[in-house]
Structures are given as C-alpha cells and as structure tokens.
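Below: the structure, in structure tokens.
The values are calculated or read from the model by the stated rules, or taken from the named source; none is laboratory data. This structure is a prediction, so every number in the text was calculated from the model and none was measured. FYI the Cβ positions are ideal-geometry reconstructions off the backbone, even for glycines, and counts take in every protein chain you see. Surface accessibility is based on the protein's heavy atoms, side chains included, excluding ligands, DNA and RNA. Shrake-Rupley method; radii C 1.70, N 1.55, O 1.52, S 1.80 Å.
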Amino acid sequence: VAGLVVAMDGPSGSGKSSASRGVAKALGLRYLDTGAMYRAMTWWVLEQGVDPADTDAVAARAVEPEIVSGTDPDAPSIHVDGVDVAGPIRGARVTGAVSQVAAVPEVRARLVALQRQIIGDGGIVVEGRDIGTVVAPDATLKIYLTASAEARAQRRHAELSGGGAEATTVEAQQAELARRDKLDSTRKTDPLSLADGAIELDTTALDLEQVIAEVLRLVEERG
Ligand code: C5P
C-alpha cells in the first residue's frame, strides 16, 4: 500500500472525515485532513488581527505561519507555530471565515504544496475539496462523497452538540453549510467539483460502516 493514495472530496457534512479515518485505519494508511489546514491558516489570520475579507493582506502573509499536520488516523493533530489548534479551528469564528481565506490563491498555493509534500510517495487517505482535481490528480482512487442537505446538517449538528461546542440548531447548521458550499463551489481558484474519474458515493441512506465498506471494496477493485 506504499504508493496508494485515496482522495476523498465532497461538501461539508458529507461524512468525509469519519469515513476517511476509518478507511485509513482499516488499511494501515496515514490520514490527512486538508480542511484542518485551511482552518489553521484562518485561525492564524484572525489571531494576527488581519481582516479575513482583506484578500491582499491575507495573500501577502500566507507564507508566514508554520502549519504542521499529524497524519495518524487514530490521533490526527494540527499545530500552528507550535500551538495546538485542534479545538479552536472547529469554533464558529474560524468556520465563519474559512471559505473566504481558502479562496485566496496564495493561501491555496502554499497549502497545496505542503499537502503534496506530506503525501510524498503515498500510503495515505486525503480528504478535502480539491484533492482529486488539484492536489493529487493521479490518486489511485478518487471518491466524491455527497449526502442530502438535511442529512449533512443533521450530522454536523450531532457532531457539534457531542463535541460540547456552542449550541446550534439543525436549521442553523443547514444554512451555514449552504453558505459555505456556495462559496466553496463558486470560487475562482480550485472550486469544489467532481474530479475526472471520481466515483460519486451518496451517503444519505448509509451509516459510517457501510460507507467505509464501500470505499474499501472500491480500493480492492481499483488499487
Ligand atoms: O472540511 P472542512 O469543513 O473542515 O473544510 C473547511 C473549509 O476549508 C471548507 O469549507 C473550504 O472552504 C476549505 N477547504 C478547501 N479545500 C480543501 C479543504 C477545505 O478550500 N481541500
């Protein structure tokens, strides 16, 4: 499995993270959450007092923070200049600003280069929005996960409530997901889209084990 690269793309709440980690664990592969890297950059931008809407300022400073991603699927981690930001990057402030920061071409160039370095010779499951299209177009297997807007909002809500984060409703989650999906799929640089050769997997009616089993079957078939 050394050279194996599994690209897992799709919108927020499609079940990418849990499925990607599950597949990585089952196959003994590393795991990379590229969304966490865009969130980490956004956390740093806010921490610096830079306005996330100020594209020029964000672009000019995108090379500054040192972002380090741990790739153990049992304990994924993310540090910015040595600070553990795994908690704060899931908060409403970062979530509200991340799509703006992720739309800046200089941010994407920096993080895509980092992601390719981490992928290296493979042996990894990578989740994001542009993995099959931009980061790893030669991936062994490209999966595009989808789910109905209602199912995605339900999952995000359950996740956030379970994580002890700020209180929210399913309706608020659905509006927030729709807002982010729109920004992510209409931006100029590397928008969320179905990659050439990607296999679409609708997870609306599937539980996590079924999604993992289906991806493992596809790896077996193609890998
Ligand atoms: O996956 P997650 O919801 O944590 O991603 C947060 C945000 O990071 C997305 O809404 C998107 O704006 C950005 N992102 C991206 N490209 C990726 C992964 C995430 O633009 N490969």
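If you take the C-alpha gyration tensor of region 1-117, multiply each eigenvalue by 5 and take the square root, what semi-axes do you get, largest first, in whole Å? Its equivalent ellipsoid spans semi-axes of 25, 14, 13 Å.
Taking GluC sites (Glu not before Pro) as exposed when DSSP calls them loop and at most 16 other C-beta atoms lie within 10 angstrom, the chain has its longest site-free stretch at 67-165.
Just the accessible area for Lys25, please: 1.4 Å probe, Å², rounded to the nearest 10? Estimated to the nearest 10 Å², Lys25 gives 100 Å².
For region 18-32, the residues whose backbone nitrogen is under 15 Å from a point 7 Å from the Cα of Ser77, taken along Cα to Cβ, are 31. Size descriptors for the chain (Cα atoms only): Rg and Dmax, in that order, 16.4, 49 Å. Taking all protein chains together and rolling a 1.4 Å probe, Leu27 ends up with roughly 50 Å² accessible.
Dimensions of region 100-222 from C-alpha coordinates, computed as largest minus smallest value along each principal axis and given longest first, are 41, 37, 25 Å.
With a Förster radius of 22 Å applied to the C-beta separation of Asp207 and Thr168, the computed FRET efficiency comes to 0.45. Largest first, the residues Thr204, Thr186, Thr168 sort by 1.4 Å accessible area into Thr186, Thr204, Thr168. Per residue, the accessible area of region 1-74 comes to 36 Å², computed with a 1.4 Å probe over protein heavy atoms only. What you get for region 181-223, charging only the Cβ of Lys and Arg (+1) and of Asp and Glu (-1), is a dipole of about 280 debye around the Cα centre. Put simply, the amide H of Ile199, placed in the peptide plane, has neighbours under 5 Å in Lys142, Ile143, Tyr144, leaving out anything fewer than 5 places away on its chain.
If you take every DSSP beta bridge fully contained in region 1-159, what fraction is antiparallel? Give it as a percent rounded to 5. Close to 30 percent. Note on the chain: with neighbouring protein chains present and a 1.4 Å probe, carbon and sulfur make up 52 percent of its accessible heavy-atom surface. Volume of the convex hull of region 158-223 (Cα atoms only), normalised per residue: 142 Å³. Extension gain, Glu47 to Arg222: 0.36 nm times the residue separation minus the Cα-Cα distance gives 58.6 nm.
Looking at the calculated P(r) for region 1-44, what percent of the C-alpha pair distances fall above 11 Å? Across region 1-44, Cα pairs with separations above 11 Å total 69 percent.
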